[in-house]
Amino acid sequence: MATLGVQAVRPPPLTSTSDPPPLFDGSTRLYISYSCPYAQRVWITRNYKGLQDKIKLIPIDLQDRPAWYKEKVYPENKVPSLEHNGKVLGESLDLIKYVDANFEGAHLVPGDPAKQEFGEQLISHVDTFNKDLYASLKGDPIQEASPALDYLENALGKFDDGPFLVGQFSLVDIAYIPFVERFQIFLAEVFKYDITEGRPKLATWIEEVNKIDAYTQTRLDPQEIVDRYKKRYLPQQ
């Protein structure tokens, strides 16, 4: 398995025995799990906008969650959530838009109305994309994941002014990349299937996203992805 490059030191996840941070003290906190692709979306957004000092990362151990997280922070008891201005918000697609709109840093929505409209179409499709990928693991992933991957390949051909989904790097790429990351690694390792074969735009997109530190700093160890997905989706093996 490929190894990751040098990363920023990640604080250890909080567990059932961990004390809560000083909640609602005016600080902004992003509660995540390092392994959660939904939380990864908001983590990437925070990093890309250079908000590491403005939004503190609070990792949670989802297998041993602290009771105070549900009781005092986020009753949904899942990640990601964002503590900001005395309230707590959730849902990753809402949060990446919220962080982009409410904090300083690089803007992650294109100014071109046509790109905005196409970007919204892609974001509205991402849950279907993910559902189709995960469903493919119950059958023949090489065949059944292909339509979803072809959808992404075709979407990448919409604009020709950059390698990303709406030309420049945006919230749309952030919505998709955590899941593509996991499936590229898992399908290559377990099924010997290269998702970029016959999809040159997808190959270039992945290559270019992997040059962005804001993303690579959030990547999960490839072997952990393989182990987690084998346990979850291939329990009979």
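Other residues lying with their Cβ under 14 Å from the Cβ of G162 contribute a combined charge of -2, Lys and Arg counting +1, Asp and Glu -1.
Oblate is the label for the chain, because the ratio a/c of its alpha-carbon gyration tensor axes (a ≥ b ≥ c) is 1.5 or higher and a/b is not greater than b/c. Think of it as helices only: each DSSP H run of n ≥ 4 in the chain is worth -39500 (n - 2.57), and spread over all residues that comes to -14000 deg cm²/dmol at 222 nm. Which shape class applies to the stretch 113-233: rounded if a/c is under 1.5, otherwise prolate when a/b exceeds b/c and oblate if not, where a ≥ b ≥ c are the square roots of the Cα gyration tensor eigenvalues? Taking the square roots of the gyration eigenvalues as a ≥ b ≥ c, the stretch 113-233 is prolate. Altogether, the Stokes-Einstein calculation at 20 °C and 1.002 mPa s, with the Kirkwood radius of the stretch 138-197 over Cα pairs as Rh, returns a diffusion coefficient of 172 µm²/s. Residues whose amide H comes within less than 5 Å of that of L57, counting only those at least five positions distant or on another chain, are L30 (H built at 1.01 Å from N in the peptide plane).
Cα centroids of the stretch 166-208 and the stretch 5-74: 25 Å apart.
Where the centroid of each part is defined by its Cα atoms, how far is the stretch 93-116 from the stretch 118-162 in Å? Here the two parts' Cα centres lie 22 Å apart.
Dipole magnitude for the stretch 55-172: about 500 debye, using +1 per Lys or Arg Cβ and -1 per Asp or Glu Cβ, origin at the Cα centre. If you sort the three axes of the alpha carbon gyration tensor as a ≥ b ≥ c, you get a/c of 1.5 or more for the stretch 1-108 and a/b no higher than b/c, which makes it oblate. Think of each Lys and Arg Cβ as +1 and each Asp and Glu Cβ as -1; about the Cα centre, that makes the dipole of the stretch 1-117 roughly 120 debye. Beta bridges from DSSP with both residues in the stretch 1-125: antiparallel share about 60 percent, rounded to the nearest 5.
Selection among L152, T204, V226 by position relative to the dipole of the chain gives V226 as farthest towards the positive end (Cβ unit charges, Cα centre).
Couplings for the stretch 42-59, taken from phi via the Karplus curve 6.51 cos²θ - 1.76 cosθ + 1.60 with θ = phi - 60°, read 6, 4, 4, 4, 4, 5, 5, 7, x, 9, 4, 8, 9, 10, 7, 7, 10, x Hz in order; Gly and Pro are left as x.
Coupling constants for the stretch 194-200 follow from the phi torsions by the Karplus curve (6.51 cos²θ - 1.76 cosθ + 1.60, θ = phi - 60°), and in residue order they are 8, 5, 8, 5, x, 10, x Hz; glycine and proline get x.
Taken about its Cα centre, the stretch 113-233 carries a charge dipole of roughly 380 debye when the Cβ of each Lys and Arg holds +1 and the Cβ of each Asp and Glu holds -1. Scalar couplings 3J(HN,Hα) for the stretch 25-36, obtained by applying the Karplus form with A = 6.51, B = -1.76, C = 1.60 to θ = phi - 60°, are 9, x, 7, 9, 10, 10, 8, 9, 10, 4, 8, 8 Hz; x denotes Gly and Pro.
Ranking G105, L23, L82 by Cα position along the charge dipole of the stretch 1-108, where only Lys, Arg, Asp and Glu carry charges on their C-beta atoms, puts G105 farthest toward the positive end. Taking amide H as placed 1.01 Å from N in the peptide plane, S81 has its amide H under 5 Å from the amide H of Y31, each at least 5 places away in sequence or on another chain. Secondary structure note: in the chain, about 65% of the DSSP beta bridges are antiparallel.
Every number in this text was worked out from the coordinates using simple rules, so none of it is lab data. Everything numeric in this text was worked out from a predicted model, so none of it was measured. Please note: Cβ atoms are built from the backbone with ideal geometry, for glycine as well, and neighbour counts cover all protein chains shown.
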